[in-house]
Structure formats: C-alpha cells, structure tokens
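Okay, structure first, notes after.
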Amino acid sequence: MTGLKNLLGLSSDALKSALIESGVEPKAAPMRARQLWNWIYVHGARDFASMTSLAKDFRGRMAETFSLARPEIVTEQISRDGTRKWLLRGAGGVEFETVFIPEPGRGTLCVSSQVGCTLNCRFCHTGTQKLVRNLTPAEIVGQVMIARDALNDWPSTAPGRRLTNVVMMGMGEPLYNFDNVKAALAIVADGDGLALSRRRITLSTAGVVPMIRRAGDEIGSALAISLHAARDEVRDVIVPLNRKYPIAELLAACREYPGVSNARRITFEYVMLKGVNDSLADARALVKLIRGIPAKINLIPFNPWPGAPYECSDWAQIEKFAEIVNRAGYASPVRTPRGRDIMAACGQLKSASRKERASARHAELRSAELARMPG
Ligand code: SAH
C-alpha cells in the first residue's frame, strides 16, 4: 500500500476534482485532466515520469500524490491455441482472472467483474467460488490495460490493434456490480480513452431482469444472455437465478432492450449439456421462445472442470441442434472452445481467493506475530 490515490478508473470529472484537491489551479484542471487522461488511456502510461510532454515539476508533484496502479500480475499462462490468461491480484490480495482470445483479424478480452460469484450456476466453475467482493473500476479497466501492455497494443487509438473487443464474460455477474462496471466501461468506450466502441463491448448476464433496461440506457453495450435452457423446469436447476426471474420475464426485458435491431442483435448463450438441455425438442422450444427478437444463438460446448456434474453433448447432437436453430433463421455459431488446456475457456475461471472471516484474519495475524518472535 502506497497511500497514494489511484487515478485509474476515475471518471474524467472525478479526475478533475482530484487534481483540484491536490492543489492544481481550478482553471488549469480541465486541461491537466485531459492531458493525463490521454497519457493514461491512449498511451498506457504506467507512471508520471514517462509523460514527457508535461513539465517536469508537474510530473513530480503528481507522482507525490497519485498512483496509476494496475492490478498486479500473479501468473500468465499461454494456451496451445494462443489464448492467454492472467491471474491478477487486487487490493486486499484478492485474485481474479482475465483471458485474451486472439482470432484472425480481431482479439477479444474476457473481463471479470467480481471475485467469485453469487449465482451458483450448476455447470460453471466460478459458481463454486463464493463471492469475495466486487471489482473496482480500476480493477476492471486495469484488466484491459494489462492486456494492452502485454500485447504491446498502445496507443489505443492506433489502427491494427490486437485487442478489438471486450466481453464481460469472466468471473462474476456484471449486473450485480452495476456502478463499477458502468464506470469502467465508460472509460473503455471513450474515444479519447481506451477507444473500443460500444458495439465492440458485450455485457453478458445470467438474467438480472430489473437491471437489463438500465444497462441498455446507461452502458449501451451489446447484450448477451446466458439462457442455457428453454424451459423453466430445466433453467431453475442449472441457472438458479431463474427462480427469481423466470424465462418469460427475461425475454420480455430482451424485447425491450434499448437499441436492439437486426444490426444490433442480442446474443443468447446456450451451453450444451448432455442429456440435460440438448434434445431436438429443446432446440425447437428455443427458437419458438425467442421468435421476434433480433438474435444470434451461441452454442457453447460445455467445458469440463474438476468435479463438474455434467458432460458435454456429443458432437453429432450439437450439430443437429444447430441445424434446427439455423433453419429457423438464426445464426448459431458453435463456439470453439479456446484455452481449455489452461482452464481459460468459458466457465472454467476460478481463483483461490476466499472471503476472509474476521476470526481467520485474526488467527493469521497472530501466527505472523508468533513467527516474528525470536525463537
Ligand atoms: N454471469 C454472467 C457473466 C459470465 S459469462 C453470465 O452468466 O452471463 C460466462 C459464460 O460462460 C456464461 O454464458 C456461462 O453460462 C458460460 N459458462 C459457464 N460455465 C460454463 C462451462 N463449464 N462451459 C461452457 N460455458 C460455461
């Protein structure tokens, strides 16, 4: 802990206020804020010293008051298929993961919104990790910045960047961390910031119905829904949130999602679980269900993890399922599993972080004290 105030993740207004508070002339603050913003988000500056267009004494004063702290990288793993996964550490030592998936002509970063999750979807590895805490705007934006660092992908406004898309599909439920996700995505989407257009940002939700409209109005990204079943009896079991917000309500919210059109379709994610949701009757029920919604359906072969209670559907079954969906007029790409060998594929993310109990923390402090005592 440095005691310096972290500027990462602040809105440009908050940045201005922080500058004024630190003694910058109110009249000069808007310009100073713009300059810093540009260095931080367009050029990826990691310290004030590197901001060479700014006067040296100003840089010095900034460095005495503020930091530009990204999360710390704990490990990096690279899959056989080029997928890269970083385990990151945030304040308080919590750990979370972020995954970069390169594809021809584009690259997608799968970003986490929480450490752990409250939802307990039965097929999801993250769901076996209790919620530890929400990630801060700095930690969410920091994931994009760390990936840009590693990919040598600055400045963010240059053509030919490797990181072109962001999906909020890592650990956690983004709509249960709405304010921080919104603040972070505003910076990601800012043309003078990380400069990924809102159409290249997709927010995925398991179906927090009351927040979907707000997400459309206030975040304005593309929307993905983790649907995974066409009948409430099945979805109640595999996505327990369905008991609170059943399928009919979820789809009603999708129909009203601001800006949805044929050019801006909603993605329905559907994990293929053998014998659970993969019958051809399910496929027909699915297309009937979403009729009238501009949509694409993303069939995701189930990615296994240790102790998972399900198996992936057989390939032939996935193909038959996809054919029914296709014939109904929906694009239904089967998502090629990426990064399975490093546990980086959909639903495989998990970190060892646990919500500390006060008693456990005390015990740890006690034992650290004991260890320091001269033997
Ligand atoms: N909580 C949000 C964000 C997570 S997105 C949401 O549920 O949408 C992660 C996606 O991977 C979700 O569609 C999730 O249902 C899917 N997923 C989870 N576990 C999986 C697994 N083992 N195999 C394939 N997909 C999985």
Q) Out of the residues in the stretch 240-261 that are farther than 28 Å from A189 by Cβ and within 13 Å of the ligand (Cβ to nearest atom), which is surrounded by the fewest Cβ atoms within 10 Å (Cβ to Cβ)? A) P240
Q) With (1) within 16 Å of the ligand (Cβ to nearest atom); (2) touching a Lys or Arg at 6+ places or on another chain (Cβ under 8 Å); (3) not acidic (D, E) as the list, and N134 as the residue in question, which single condition is left unmet? A) (2)
Q: Considering every residue within the stretch 65-79, establish whether at least one is under 22 Å from N165 (Cβ atoms), touching a Pro at 6+ places or on another chain (Cβ under 8 Å) and in the same structural domain as K182 (by TED's automatic domain parsing).
A: no
Q: Can you tell me which residue among E21, E72 is charged (D, E, K, R) and either in contact (Cβ under 8 Å) with a residue 12 or more places away in the chain or surrounded by 16 or more Cβ atoms within 10 Å (Cβ to Cβ) (or both)?
A: E72
Q. Is the stretch 180-187 home to any residue that is touching a residue at least 40 places away in the same chain (Cβ under 8 Å), outside any helix (DSSP H, G or I) and either among the small types (G, A, S) or buried (at least 18 other Cβ atoms within 10 Å of the Cβ) (or both)?
A. no
Q: Scan the stretch 81-102 and give yes if some residue there is in the same structural domain as E173 (by TED's automatic domain parsing), closer than 25 Å to K182 by Cβ and near the ligand (Cβ under 10 Å from one of its atoms), otherwise no.
A: no
Q. If V260 satisfies every condition in (1) in contact with a strand residue (DSSP E or B) (Cβ under 9 Å, 6 or more places away or on another chain); (2) under 23 Å from A345 (Cβ atoms) but one, which is the exception?
A. (2)
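Let's see how each residue does on (1) under 25 Å from the mean Cα position of the chain (by Cα); (2) assigned by TED's automatic domain parsing to the domain that holds T126; (3) more than 16 Å from the ligand (Cβ to nearest atom); (4) not in a helix (DSSP H, G or I):
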residue: D278; (1), (2), (3), (4): no, yes, no, yes
residue: A281; (1), (2), (3), (4): no, yes, yes, no
residue: A285; (1), (2), (3), (4): no, yes, yes, no
residue: G292; (1), (2), (3), (4): no, yes, yes, yes
residue: N303; (1), (2), (3), (4): yes, yes, no, yes
residue: E319; (1), (2), (3), (4): no, yes, yes, no
residue: A322; (1), (2), (3), (4): no, yes, no, no
residue: Y330; (1), (2), (3), (4): no, yes, yes, yes
Q: Filter the stretch 305-317 down to residues that are within 15 Å of the ligand (Cβ to nearest atom), aliphatic (A, V, I, L, M) and not in a loop (DSSP other than H, G, I, E, B), then give me how many there are.
A: 0
Q.
Tell me whether the stretch 33-44 contains one or more residues that are among the aromatic types (F, W, Y), part of a loop (DSSP other than H, G, I, E, B) and closer than 21 Å to P137 by Cβ.
A. no
Q. Can we say E249 is of a type outside the set (G, A, S), farther than 19 Å from A328 by Cβ, in a helix (DSSP H, G or I) and touching a residue at least 24 places away in the same chain (Cβ under 8 Å)?
A. yes
Q | Members of the stretch 234-246 that are under 24 Å from the mean Cα position of the chain (by Cα) and touching a residue at least 60 places away in the same chain (Cβ under 8 Å) | A | I238, V239, P240, L241
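Residues checked against (1) in contact with a helix residue (DSSP H, G or I) (Cβ under 7 Å, 6 or more places away or on another chain); (2) more than 12 Å from the ligand (Cβ to nearest atom); (3) outside the structural domain of V271 (by TED's automatic domain parsing):
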site: G170; (1), (2), (3): no, no, no
site: D179; (1), (2), (3): no, yes, no
site: L185; (1), (2), (3): yes, yes, no
site: G191; (1), (2), (3): no, yes, no
site: L203; (1), (2), (3): yes, no, no
site: I212; (1), (2), (3): yes, no, no
site: L227; (1), (2), (3): no, no, no
site: D232; (1), (2), (3): yes, yes, no
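Within the stretch 332-375, restricting attention to residues that are acidic (D, E) and more than 16 Å from the ligand (Cβ to nearest atom), which residue is modelled with the highest pLDDT?
First pass over the stretch 332-375, keeping only residues acidic (D, E): 341, 356, 364, 369.
If we keep only those that are more than 16 Å from the ligand (Cβ to nearest atom) as well, we get 356, 364, 369.
Values: E356: 64, E364: 48, E369: 47.
Result: E356.
Quickly run through the stretch 147-168 and pick out the residues that are more than 10 Å from the ligand (Cβ to nearest atom) and in contact with a strand residue (DSSP E or B) (Cβ under 6 Å, 6 or more places away or on another chain). It would help to see each step written out before you state the result.
Taking the stretch 147-168 as the starting set, the residues that turn out to be more than 10 Å from the ligand (Cβ to nearest atom) are 147-166.
Scanning the stretch 147-168 gives A147, R162, L163, T164, N165, V166.
The values are calculated or read from the model by the stated rules, or taken from the named source; none is laboratory data. Note that the structure is a prediction, hence the values are computed from the model and not measured. Quick reminder, even Gly has a Cβ in these numbers, built from the backbone with ideal geometry, and neighbours come from all protein chains shown.
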